[in-house]
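What follows is a single structure, written as structure tokens, with notes after it.
Rule-based calculations on the coordinates, nothing more; no lab input. This is a predicted model, so every value here is computed, not measured. Cβ placement follows ideal geometry from the backbone for every residue including glycine, while neighbour counts extend to all protein chains displayed.
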Amino acid sequence: MSIYKHHYRAYTGRVTPIWTRIFALARYGLAEAWSTKITAVLFVICLIPPVGFLFTIYLSNNPSARLLMGTVGTRVLAIDGSFFLRVLTIQSWLAMALASCIAPRLITLDIVDNALPILLSHSISRFGYVLGKYAALFATLSTVTWVPCLLLFAYQGYASPVPWAASNLRIGVGMLAGALIWIALISLLGLALSSWVKWRGVATGVIFAVILVPAGVGAIVTGVLHTKWGLLLNVPVMMSYLWERLLDVHNRIDNALQLPTMAIVTMLALGCCLSMVMLNTRIRAREVVRG
Amino acid sequence: MHWKSSYIQGTSGQWETYVNSMGTVELDALEVRIGGRTILDRLSGVLRGQAIGLLGPNGAGKSTLINTLLGFHRASSGTARIFDLDTYRDRAEIRSGIGYMPENDSFIGNMSGVHFVRYMAELAGLPSTEALERAHEALFYVGLGEVRYRKVNSYSLGMKQLIKLAQALAHGPRLLILDEPTNGLDPIARQRMIHLIQEIRKEGSVRLLISSHLLRDIDETCDEVLILKSGRIAALCNIEEERRSNHSFMELETAGATDKFSVSVRGLGCECACFSGGRIKLVLPEHIEARDLYRIASEQKVQIRKMHVRRDSLEDIFLRAMDTEGERPAHVHL
């Protein structure tokens, strides 16, 4: 083809390896996700708490500031597992809000405009398609969860007058693991629910509802039947338990309501599996009419 | 397998020789069952044409065959091969060299035309810069150059058809699969689409597989046709050869000693039927030509006032294929 002559000509140039096409999907997915101001505003909001926590770490390692704050300062400015648990929890829930905004933009547009037959007619498998979208979401959510968490951890290690990082390595590893588990769950859930809902606004609501409504049901089950197993429907509580165990923080939990780690992991894995089944059913080049 | 993969991705110079010897699409007892129903029933044949037409009534299995060739459906038994690559096992390699224009609307409406075509070209394996360049070229080529920065969902139906063609062309495919390319187009837009397809065919580097309900579209663009009926092959033939082999139907309008003339013509080995008004219908054997008839007419002082040689149209071929009710030929020569 030529713009001036308007003739067709075959392409004879370089071709990229097939496995790299997933990155094209991820790149275009990211561009789509960031094409709206809502995403930018949410992203900025997500970065405000880390700035506050950074200032707290600075103050806690500043002798003059500690002296000025006296005994209150010792309690408020304690940089330990509980402090980083607070960081992780806040960042994770902000990431949830960001995911509920981005995930529908990544997948709903393709479904609504019936773009899948064209997209999947290229050298992209259905798994590759989901992986590309997942990578876009994962990358965005990483920038507001484990990346700032680990940067704060590194800054505390640097600013502390005594060797701190090596003796508290469990906190760093725990934050990384906890954030990755959370991102994996909400990314899959977000993509799966978005693939089933046509309207982006509704999809955002549905993502929140799927987290919060079972939590309410779980609380009712726990209250009425006096059993801790109702909490297995409560994702926020399950994640709190998991994060506390990962960061080795034990000071806030009522022992009677403790859930076994294996039960929590099983429930989260079930959620991921269900999301994958939903994606497998929905992400197809063609609808198969049975019967 | 590696060298075939490089062929399909357009990096080998031996491409044409290879395709001509092997055929574009090879079906070997291909059976596809979906939801317990047999949609394609033991299809066998080799499609070698530069432009292959896929004809058949609704529910004949055209779209299922295209989806199987794209690797969307797995063969229940038998095989389908494109450029000697298995359509399911080697679908990633095959898709790299295929441009697909689906029947229904299929695009990302929120993107501008050039952004969408570039995206598709990158997914097909073009590096980002080349993809952008080819996207611009493809859009100008199909006639959407002036509207390439508009969002796709603001395009008219005809423009949407054209952008589907542009994205299928942008990466320079070896095989272009067009599913109902003139669907919903007005006569002028249809003519433009047909002209584009003819031009692509003439360029020679792309094989075409065109599915359509419209016999005229296939007639104007294809040199080979595969006719499906109820999931079976009703006919597989080279349109040009069929036309050449059926040039023997002739209608004459004569004046003079018609009876004597018809007896002499029968003597040449022609089948002949006489009608009132000097009209004669003939089926000529291969070795008889029009000049033989003129010679006899001259000898017998018969005037030939009108001579009409009737060729088989694609419609005749299609209707005959549809008439083969009950037969199950795997490969029918008309």
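Per residue, the convex hull spanned by the Cα atoms of the stretch A:24-282 measures out at 144 cubic angstrom. Too long at a 25 Å Cα-Cα cut-off: which of A:K133/B:K62; B:K151/B:K202; B:K160/B:K229; A:K198/B:K151; A:K198/B:K62? From the list (A:K133/B:K62; B:K151/B:K202; B:K160/B:K229; A:K198/B:K151; A:K198/B:K62), the Cα-Cα distance tops 25 Å for A:K133/B:K62; B:K151/B:K202; B:K160/B:K229; A:K198/B:K62. Shape index of the stretch B:158-199: Rg/Rh, with Rg the Cα radius of gyration and Rh the Kirkwood radius from the inverse mean 1/r over Cα pairs, equals 0.94.
Using a simple spin-label model with pseudo-atoms 7 Å out from Cα toward Cβ, A:A177 and B:A255 lie 10.6 nm apart.
Computed from the alpha carbon atoms alone, the convex hull of the stretch B:101-172 holds 72 Å³ per residue. Normalising the Debye intensity of the stretch B:49-158 to I(0), with uniform scatterers on Cα atoms only, and taking log10 at q = 0.20, 0.23 Å⁻¹ returns -1.14, -1.23. Overall size of chain B from C-alpha positions, given as principal axis extents largest first: 77, 47, 39 Å. Exactly which trypsin sites (Lys or Arg not before Pro) in the stretch A:98-171 are in a DSSP loop and have at most 11 other Cβ atoms within 10 Å? Qualifying residues, ordered by number: none. Length gained on full extension, B:R33 to B:E241, computed as 0.36 nm times the residue gap minus the Cα-Cα distance: 71.5 nm.
The GNM of chain A, with springs linking C-alpha atoms under 10 angstrom apart, assigns the highest mean-square fluctuation among A:T36, A:T71, A:T204 to A:T71.
Magnitude of the charge dipole for chain B, about its Cα centre and with charges confined to Cβ atoms of Lys, Arg (+1) and Asp, Glu (-1), is about 340 debye. Ordering B:Q300, B:I94, B:S154 by Cα displacement along the dipole of the protein assembly as shown toward the positive end leaves B:S154 in first place; charges were set at the Cβ atoms of Lys, Arg (+1) and Asp, Glu (-1). For the pair B:R320 and B:E220, a Förster radius of 22 Å applied to the C-beta separation gives a FRET efficiency near 0.65, rounded to the nearest 0.05. Between A:Y158 and A:T74, full extension at 0.36 nm per residue minus the direct alpha carbon distance yields a gain of 28.3 nm.
For the protein assembly as shown, the average shadow cast by the Cα convex hull is 39.2 nm², which is a quarter of the hull's surface. Against chain A, whose longest principal axis is taken from its Cα atoms, helix A:261-282 shows a tilt of about 20°. Computed over chain B, the per-residue total of -39500 (n - 2.57) for DSSP H runs of n ≥ 4 gives a 222 nm mean residue ellipticity of -11500 deg cm²/dmol, rounded to 500.
Just tell me which aspartates and glutamates come within less than 20 Å, Cα to Cα, of B:K301; anything on the same chain fewer than 8 places away is out. Straight-distance partners of B:K301: B:E251, B:E253, B:D259, B:E289, B:D292.
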